[in-house]
Structure formats: C-alpha cells, structure tokens
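Read through the structure below, which is laid out as structure tokens, and then see the notes.
Taken together, the values in this text are just the output of simple stated rules run on the coordinates, not laboratory data. Small disclaimer: the values here were computed from a predicted structure and weren't measured. Virtual Cβ from ideal backbone geometry, glycine too; neighbours counted across all protein chains shown.
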Amino acid sequence: MSSNAVISRLLRLYKEVLSHEGYGDICIEMKMLRKGQKEIIIHCGKQYRYVVDIDDLQPIDRCIAFQDRQLPGATAGG
C-alpha cells in the first residue's frame, strides 16, 4: 500500500477534528514489521490500519512540505 493513502486519511481526519465543535484527538502508532515495512495505526474514534513499505517514505517529505505550504493560515517557522 502507498503511504499516500495514509497521508490522505490523516488529512481527512485532521479536517474532521478541526471542524468538530467539541474535543478531538488523533494518535498515530508506527510498528516495525518485517524488514522494509511498518504498520501504521491511526486512532481517531476508529482505527485505520495500514502496512507500508519503508522505501515508499521518501516521497512523503516532498508531499508534506507541499501540503504544508497549502494550509490556510500557516505561518513560517511553525
């Protein structure tokens, strides 16, 4: 599975929690599996589980950097 599916799910959950008029939380766990894979578990009321190849992680940095620039109200430096 592509790590892009994980990022897509995280962004959707982030938007849901942000728009919710109460409290919310998102928790991410990463566990080592066999060589070259990690299990990523997203907790947000429900759990979404993914297994991704570690080699697929390099494009994430570019994807996150691009998406950070697209977030409204984001300021430089955090």
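Ordered by packing density, taken as the mean number of other Cβ atoms within 10 Å over each peptide's residues, highest first, how do 32-39, 4-11 rank? Don't jump to the answer; show the numbers that get you there.
Numbers: 32-39: 11.5, 4-11: 15.0.
Top of the packing list down: 4-11, 32-39.
Give me the extension gain from residue 49 to residue 12: residue separation times 0.36 nm, minus the current Cα-Cα distance, reported in nm with one decimal.
Working: separation 37, 0.36 × 37 = 13.32 nm, distance 1.49 nm.
Gain in length upon complete extension: 11.8 nm.
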Please give the length that would be gained between residue 32 and residue 19 if that part of the chain were fully extended, namely 0.36 nm times their separation in residues minus their C-alpha to C-alpha distance (nm, one decimal). 1.4 nm
Would you pull out the residues with amide H under 5 Å of residue 38's amide H, same chain only if 5 or more places away, H placed 1.01 Å from N? 33, 52, 54
